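Below: the structure, in structure tokens.
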Amino acid sequence: MARTAGRSAEDTRRLILETAAHLIGRHGTAVPVSEIAQEAGVSKGGLLYHFATKEALLHALAEHLIEQFRTEVHRRAEEEGPGPGRLVRAYIRVSLAEAGDHARLRDSIALAAKLMFEPELERLAQQDVDRWKEELGQDGLDPSIVRLVVAAADGSNSAPLWGAILDEADRLALEEQLLALATPQRNGRLK
């Protein structure tokens, strides 16, 4: 299959990653590369041009997901301007941005869970966790507040796996409360 006219190599790479995310999230890492290529509308050779091995594809996919989240958190933090807690508040906002879309959230969780069975990707995820701990820990907030709001934001996102207890109004209230905790002048005042 020839490269689609008008699509750049970067567009093709991104399309392959998006397709791989969807298929691996649904079927696990055993999904054949040929199936990913077909679904993405590229030849198997075209996929292998961008990702020489399936392991390279999985690694690139994990890196892409990690970097996508990190970039969005930092972008949101920059929008807020300087001051203590801005990175933690951005982390909360980005973490909870999809919390209302339970189907999409379940797909994201399923994909992450399936990728984490790969030992190299587990190490990559742990490196990212360590990096977040350091960055969030240097955001100017009390470490106990950082722990609390990050655990709540992360935990809130895993709830739809078994059925969400919080409805949309509860989720919005939780986000507001976490943001209040992560705002030094409002710190600790919950509604």
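The values are calculated or read from the model by the stated rules, or taken from the named source; none is laboratory data. For clarity, every value in this text was computed on a predicted model and none was experimentally measured. Every residue, glycine among them, receives a Cβ derived from its backbone with ideal geometry; neighbour counts consider all protein chains shown.
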Have a look at His59, His64, His74, His22 and point out the one that is in a helix (DSSP H, G or I) and modelled with pLDDT of 95 or more. His74
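Working only within region 18-67, note down all residues that are hydroxyl-bearing (Ser, Thr, Tyr) and surrounded by fewer than 16 Cβ atoms within 10 Å (Cβ to Cβ). Outline the logic, then answer.
From region 18-67, those hydroxyl-bearing (Ser, Thr, Tyr) are 19, 29, 34, 43, 49, 53; that's our starting set.
Correct list: Ser34, Ser43, Tyr49, Thr53.
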Could you run through region 77-124 and say how many residues are modelled with pLDDT under 90, among the hydrophobic types (A, V, I, L, M, F, W, C) and either surrounded by fewer than 18 Cβ atoms within 10 Å (Cβ to Cβ) or closer than 19 Å to Ala152 by Cα (or both)? 11
Just need a number here: residues in region 165-183 that are free of Cβ contacts under 8 Å to residues at least 60 places away in the same chain and outside any loop (DSSP other than H, G, I, E, B). 8
Does any residue in region 119-144 that is in the same structural domain as Val88 (by TED's automatic domain parsing) and part of a loop (DSSP other than H, G, I, E, B) come within less than 6 Å, Cβ to Cβ, of a residue that is of a type in the set (Val, Ile, Thr) and crowded, with 17+ Cβ neighbours inside 10 Å six or more places away or on a different chain, and which pairs are these? Asp139/Val88; Leu141/Val88
Where residues in region 77-116 are in contact with a Gly (Cβ under 8 Å, 6 or more places away or on another chain) and outside any helix (DSSP H, G or I), which of them is nearest to Val150 (Cα to Cα)? Gly85
